[in-house]
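*Asks:* Here it is, the structure in full.
All of the numbers you see were taken from the coordinates with simple rules; none came from a lab. None of these values were measured; they are calculated from a predicted model. Neighbour counts run over all protein chains shown; Cβ positions are idealised from the backbone, glycine included.
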Protein chains: 2
Amino acid sequence: MEGLPEFDLTGFTPYRAAVAAQFLSERLAREYRSRFGISIPDWRVLVHLAHSGGASVRDIENAVVMEKSKVSRTASRLESRGLIAKRPQARDRRLVHLTLTEEGRALMRELLPLAAAFQAKLESVLGADFESFDRTLGRLIEMQAGEDPF
Amino acid sequence: MEGLPEFDLTGFTPYRAAVAAQFLSERLAREYRSRFGISIPDWRVLVHLAHSGGASVRDIENAVVMEKSKVSRTASRLESRGLIAKRPQARDRRLVHLTLTEEGRALMRELLPLAAAFQAKLESVLGADFESFDRTLGRLIEMQAGEDPF
DNA sequence: AAAATTTCATTGCATATGCAACATTGCTGT
DNA sequence: ACAGCAATGTTGCATATGCAATGAAATTTT
């Protein structure tokens, strides 16, 4: 009647990774969404700007793994909220240079310690497993960019 | 001028997990999207039905971590494609019993081996890291349901 | 230097998503 | 048995998303 191979989604690594990642993201996003009205795309763009000091849409697309249209719209939203500034660039006028405003920096001075604390807590909870977990994540991320064994 | 804490998204575990999970999902989804027109929500519902033999929307919502409206719409789509059947239940007429059609089972006889091969390949590529990686995923998944240390 | 090609960012559009209503049915307690 | 409450699935609606097309500017080719 059945004739189907036995297969349990619960043990399937892509599924497990998706659920685990969703848990981590949502757990964190809950904080900065409810307290600061910041979504995950917002967060990624803001962090990259905090880290780099300034970047183009394309830079961010490459750095934080987001579609360029998503970056573009996120940037517009953040600009209209006064958190970042968009400035056409003199040298190459196709580029739009994005930077945090002072208000944006003030926000990040609150957000970044929160994220650092989350990371520390996570590492402490995972304990001995963390190092290997993190290393494996790194291997998977590299596969995305470089050679893909599948 | 800056006065911002140093923070690199690239080393942030929630971000890394999201990118790694996205890679795995997309890598796999590429196959069954292009070859069978199946999305990830489709896939999750189909797998659960293949595994359980039949389930309600609520069952699936709980089993595969999807919003019930998403499950509902996915089920409608799959029904209109002839891959699953929706049947009101006699005992509790709020429930809708979902099962694979013969066509759906035929599809799963192709898809499931493909997924099993992907899993095997992944385990082989990750080698010694796999066990610890999988265990850590399990710990994170449990946190979602049970006690949350954050 | 003109034309063709490439790069960058934005926008239009169709679809997907999450959340909150909603209608229906079942269950609980009195 | 009946009123109130809970559970189930669907739908409406506002927003988010991905992809392709576009416009504008730079680069490369001839």
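*Asks:* Here are B:Glu31, B:Glu79: which of them is touching a residue at least 60 places away in the same chain (Cβ under 8 Å) and over 25 Å from A:Phe23 (Cα atoms)? Reasoning before the result, please.
*Replies:* Numbers: B:Glu79 fails: touching a residue at least 60 places away in the same chain (Cβ under 8 Å).
Step by step, each of B:Glu31, B:Glu79 is checked, and only B:Glu31 is touching a residue at least 60 places away in the same chain (Cβ under 8 Å) and over 25 Å from A:Phe23 (Cα atoms).
*Asks:* To continue, here is another question. Output the number of the condition that A:Phe36 fails; it satisfies all remaining conditions of (1) surrounded by fewer than 21 Cβ atoms within 10 Å (Cβ to Cβ); (2) hydrophobic (A, V, I, L, M, F, W, C); (3) under 30 Å from B:Ala29 (Cα atoms).
*Replies:* (3)
*Asks:* Identify, by number, the condition in (1) under 30 Å from B:Leu126 (Cβ atoms); (2) within 15 Å of the chain's Cα centre (by Cα); (3) surrounded by fewer than 17 Cβ atoms within 10 Å (Cβ to Cβ) that A:Phe130 doesn't meet.
*Replies:* (2)
*Asks:* Please determine, by comparing only the residues of region B:75-84 that are more than 14 Å from chain A (Cβ to nearest Cβ) and not charged (D, E, K, R), which one is farthest from DNA strand D (Cβ to nearest atom). Step through it out loud before you land on a result.
*Replies:* Going through region B:75-84, the residues more than 14 Å from chain A (Cβ to nearest Cβ) turn out to be B:75-82.
Filter again for not charged (D, E, K, R), leaving B:75-76, B:78, B:80, B:82.
On the way: B:Ala75: 6, B:Ser76: 6, B:Leu78: 11, B:Ser80: 11, B:Gly82: 16 Å.
Out of the qualifying residues, it is B:Gly82.
*Asks:* Let me ask another. Report yes if B:Ser124 is over 30 Å from B:Ile84 (Cβ atoms), more than 7 Å from chain A (Cβ to nearest Cβ) and without any contact (Cβ under 8 Å) to a residue 12 or more places away in the chain, otherwise no.
*Replies:* Details: over 30 Å from B:Ile84 (Cβ atoms): yes; more than 7 Å from chain A (Cβ to nearest Cβ): yes; without any contact (Cβ under 8 Å) to a residue 12 or more places away in the chain: yes.
Spelling it out, B:Ser124 is indeed over 30 Å from B:Ile84 (Cβ atoms), more than 7 Å from chain A (Cβ to nearest Cβ) and without any contact (Cβ under 8 Å) to a residue 12 or more places away in the chain.
*Asks:* Here is a further query. Looking at (1) at positive phi; (2) assigned to a helix (DSSP H, G or I), which one does A:Glu79 not meet, given that it meets all the others?
*Replies:* (1)
*Asks:* Of all residues in region A:40-76, which are under 17 Å from B:Val19 (Cβ atoms), within 13 Å of DNA strand C (Cβ to nearest atom) and not in a helix (DSSP H, G or I)?
*Replies:* Scanning region A:40-76 gives A:Met66, A:Glu67.
*Asks:* Working only within region B:1-30, note down all residues that are more than 7 Å from chain A (Cβ to nearest Cβ) and crowded, with 21+ Cβ neighbours inside 10 Å.
*Replies:* B:Tyr15
Results for (1) within 8 Å of chain B (Cβ to nearest Cβ); (2) within 16 Å of DNA strand D (Cβ to nearest atom); (3) within 17 Å of the chain's Cα centre (by Cα), shown as yes or no for each residue.
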residue: A:Gly37; (1), (2), (3): no, yes, yes
residue: A:Trp43; (1), (2), (3): no, yes, yes
residue: A:Lys68; (1), (2), (3): no, yes, yes
residue: A:Lys86; (1), (2), (3): no, yes, no
residue: A:Leu114; (1), (2), (3): no, no, yes
residue: A:Gly138; (1), (2), (3): yes, no, yes
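*Asks:* Sort out which residues of region A:97-110 are surrounded by 15 or more Cβ atoms within 10 Å (Cβ to Cβ) and within 9 Å of chain B (Cβ to nearest Cβ), and write them in order of number.
*Replies:* Just the residues of region A:97-110 that are surrounded by 15 or more Cβ atoms within 10 Å (Cβ to Cβ), to begin with: A:97-101, A:104-105, A:107-108.
Selection gives A:Leu100, A:Arg105, A:Met108.
*Asks:* Related question: Going by the conditions given, is B:Ser72 over 30 Å from A:Val47 (Cβ atoms) and more than 10 Å from chain A (Cβ to nearest Cβ)?
*Replies:* Here the answer is yes, as B:Ser72 does meet what is asked.
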